[in-house]
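Each remark here refers to the structure printed beneath this line.
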Amino acid sequence: MAELTKLAWDDLRIVLEVARQGSIYGAAKVLKLDHSTVTRRVAHVELVLERRLFDRSNRGIRARSEAEELLKHVRMMEVHAAAMHETIRLGAKTQTRTVRVATMEDLSSGYLARRVEEITLGDPMLRIELFSNPHIVDLPKSEADIFLGFFEPEVAGLVSQQIAEVAIYLYGSERYRVRHGLPGSRDELGAHRYVSYIPEMISAGSARWLDEIVPDASMAFCSNSVMAQRSAAVAGTGLVALPAFVGDESPALFRILPDDIRILRPLWMSVGLDQQLLKTIKQTATAIAGIFAADRKFLLGEAVSPEAVSRRDDTGGV
């Protein structure tokens, strides 16, 4: 019979990280341990439990089905340990608490980075790490604490909710108009040049909004950076499909056929099922959802940005 008293929390934590990373080397890097130490500790746990926990192949390490139940308990132990540390930090009121938010660049650079002050308002010890990534991150592997995207992730262990709806418009610049003219109707869209994402670098079909507007568009410039796309459009390189909160922020861009071309995308926020138990992450997620709700008209392209209103009020403009 397994002598569980011979297992320390650090042993179980190492096993959990190996399962998350799918390799000894990956776990060693995250845990800042030697490869040999991780290997030895995993072997110790398997010896005490009298069972193999992992199948090893040239593709990496995979937890065996009979190990999954054990790993569920270890994950809960990890969450409760994190909650205990969080309680201590909250009581101390002098230690920084970090929440990592992962999302696409348009949402991170074009919107959320300007809202960090509102997210952290009233909590000077909260630090937001904003991680721009065009692909869904693995929240169960702790790559981030909160994920925002234009699709609902079909991943076990996540709790997702729609927190907003975002409008996408087609934009052009005066430089483009002078060089190439502008489409007067949808029928004329095929004759123009466009700026968009590099197709193979966008995994989410929900971000392929230009395909919905102009199938088989003639591409003049592609970039995985939405800010680079906007800059290219400003320079007159081509027309570009952008979320309203990105396109409307550039004075050099204007909407093309706005009455005919408007795409709506739901915005989803996902948090790990276990992570919901952590007060800091839960409060941060609530704050983010509140900010998006307050900006509903702006995100739909029906109102100017809060910054523009503030600038207008400060200068006494109308």
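The values are calculated or read from the model by the stated rules, or taken from the named source; none is laboratory data. These figures come from a predicted structure and were not determined experimentally. Cβ coordinates were reconstructed from backbone atoms using ideal geometry, including for glycine residues, and neighbour counts include every protein chain displayed. Quick note on the areas: whole protein, heavy atoms, side chains included, nothing else; ligands and nucleic acids left out. Shrake-Rupley method; radii C 1.70, N 1.55, O 1.52, S 1.80 Å.
In this label model, GLU50 and LYS282 are separated by 4.0 nm, measuring between points 7 Å along each Cα→Cβ vector. The phi torsions of region 159-173, fed into the Karplus equation with coefficients 6.51, -1.76 and 1.60 and a -60° offset, translate into couplings of 10, 10, 9, 7, 10, 6, 10, 10, 9, 10, 10, 8, 10, x, 10 Hz, rounded to whole numbers, with Gly and Pro shown as x. Among the trypsin sites (Lys or Arg not before Pro) found in region 160-252, those both in a DSSP coil and sparsely packed, with 16 or fewer other Cβ atoms within 10 Å of their Cβ, are ARG208.
For region 149-268, the alpha carbon convex hull comes to 104 Å³ per residue, rounded to a whole number. Counting heavy atoms of the protein chains alone, TRP9 has an accessible area of about 80 Å² for a 1.4 Å probe.
In this structure, the amide hydrogen of SER223, modeled 1.01 Å from its nitrogen in the peptide plane, lies closer than 5 angstrom to those of SER196, TYR197, ILE198, counting only residues at least 5 positions away or on a different chain.
Computed across region 163-204, the Kirkwood radius stands at 12.9 Å (inverse of mean 1/r, all Cα pairs). Over all projection directions, the Cα-based convex hull of region 211-259 averages an area of 3.6 nm².
Accessible area per residue was computed with a 1.4 Å probe on protein heavy atoms; THR37 scores about 20 Å².
Electrostatic bookkeeping for ARG52 treats Lys and Arg as +1 and Asp and Glu as -1; over the other residues with beta carbon under 10 Å from its beta carbon, the sum is -1. Of the GluC sites (Glu not before Pro) found in region 1-55, those in coil by DSSP whose Cβ has at most 14 other Cβ atoms within 10 Å are GLU3, GLU50.
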